[in-house]
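Notes follow once the structure below has been shown.
Read-outs throughout are calculated quantities, based only on the coordinates presented, and are distinct from any laboratory measurement. Source: prediction; values computed, not measured. Cβ coordinates were reconstructed from backbone atoms using ideal geometry, including for glycine residues, and neighbour counts include every protein chain displayed.
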Amino acid sequence: MRHFFLGAVPTCAFLLAALPASAQQSDGILDLKQLWSQGKAEGKGAVRFAHSPMRVDDIERITPMGLMIGGHVCPIDHGYFYPKATKPGQPHFDVMSPADGYIVMVGHRTQLTGSTEHKRDYDDYALHIEHTGTFFTFYDLLTQLDPSVLKHLDEATRERFAKKNMGPPVQVRIPVKAGQVVGKIGGRSLDVAVINTEVTLKGFLTPKLYGHYAWRVHVVDLFDCFDEPLKGDLLKLNTRKAKPYFGKIDYDIDGKLVGNWFKEGSGGYPGDRRDPRGYWMGHLAFAYHHVDPTLVLVSIGDFDGKPRQFAVQGNGPDPAKISAKDGLVKYELLYASINSNGDRIELPPQMRGVQGTLLAQVLDNRKLKIEVLPGRKANEVRDFGKEARIYER
């Protein structure tokens, strides 16, 4: 069983902070057969999913990937399966392997590593399941591991989990069958992602900026893995009705404003591990709502010292159409009157109106000049000031 130590990680990911030299290529693409499966992966190619991650009758709703919220400044690389509500003391719902394979990594967390978050009164478990050497399922936020999984872990690891002690994820090779229960979920969502290394998303222009998170370039639509009638049953529970149904996370267009950006010198996506405020402080994204893709959103890692997400006045200009020839553009920032389910909401008075202005100018060589001005309206700002910063991708 191999152990890897974590640095500061996103709330919903257990990933490796230090990569073996053989696991990362010069362009930043990761060799997941080596990184996750220790070179033992069997076969290649995508597989069809015979089982849902949860029983359809246990699911309240499905939220697609691409949500931007809080420290998740860049579009989130997994979707969410929300279980139906339960009362305290009721059993949690089963989580199942969608196809045959091997659990190759087990993570355990009782708080967010590298943060000031207080210790929780519950556990988080994460699983990476290898179906072939090029096709993986990722689960996170399980509340329990099934005994059929626990029995394969060594005594020291089981004891650490039982005592709720923080520690590194462990690499294992535990065989599972399609439909086999691997754990429980309840009281919060099950995070789900499907990774196919034979597919590379075009909307991540510089994978090396993602470091040990560069597997994001291989995340694919979960619903495409299912056949009818199961696919249709799951789509009915999905909050997004536009293609791609499981959402979109890769928006970069060379020479355009749209997509993910990282402040120069901040460490790219993994961020500055010395910053106690969070890895996301150097992140910036111009993208679209994960449920309603007609809504332009600006997601800022450092808005007056905190991560914030905004709609924009007039829902434009469209960042996919902004290039260097447009010079300086202004976005007046508004809190969106639509929630993570895509439902319209009534904002309280203090959250209405312009919250600030963002100045942006696309530069050559995949650079961007940015200044964020909380509390200012566009007509109060003429040009960049002393707080302007350069971002890259």
According to a simple spin-label model (label point 7 Å from Cα along Cα-to-Cβ), what is the distance in nm between Lys243 and Glu42?
-> 3.6
May I ask for the net charge around Val182, where only other residues with Cβ less than 11 Å from the Cβ of Val182 are counted and Lys, Arg are +1 while Asp, Glu are -1?
-> 0
By the scheme Lys and Arg +1, Asp and Glu -1, what is the net charge of all other residues having a beta-carbon under 13 Å from that of Lys325?
-> 0
Modelled FRET efficiency - R0 22 Å, Ile69 with Arg188, Cβ distances, 0.05 increments | 0.95
Taking only Cα atoms of segment 259-392, radius of gyration then Dmax in Å = 14.6, 42
Cβ-Cβ FRET estimate between Arg273 and Leu205, R0 fixed at 35 Å, reported to 0.05 = 0.90
Taking Cα pairs closer than 8 Å and at least 6 residues apart, the relative contact order of the chain in percent is 17
Restricting things to alpha carbons, find the Rg to Rh ratio for segment 146-204 using the Kirkwood radius for Rh.
-> 1.05
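Give me the net charge for the shell around Gly107: Cβ to Cβ below 11 angstrom, other residues only, Lys and Arg +1, Asp and Glu -1.
Value of the local net charge: -2.
Please list the three semi-axes, largest first and in whole Å, of the ellipsoid equivalent to the chain, using sqrt of 5 times the eigenvalues of its alpha carbon gyration tensor.
Calculated on Cα positions only, the semi-axes equal 35, 23, 21 Å.
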Stokes-Einstein at 10 °C, 1.306 mPa s, Kirkwood radius from Cα pairs: D for segment 189-263 in µm² s⁻¹?
-> 113
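Beta carbons within 10 angstrom, averaged per residue: use that to sort the peptides 132-145, 189-202, highest first. List each step's numbers first, then the result.
Values: 132-145: 22.9, 189-202: 19.6.
So the peptides 132-145, 189-202, ranked by packing, come out 132-145, 189-202.
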State the extension gain, in nm to one decimal, for the chain segment bounded by Arg173 and Val329, taking 0.36 nm per residue of separation less the distance between their alpha-carbons.
-> 51.0 nm
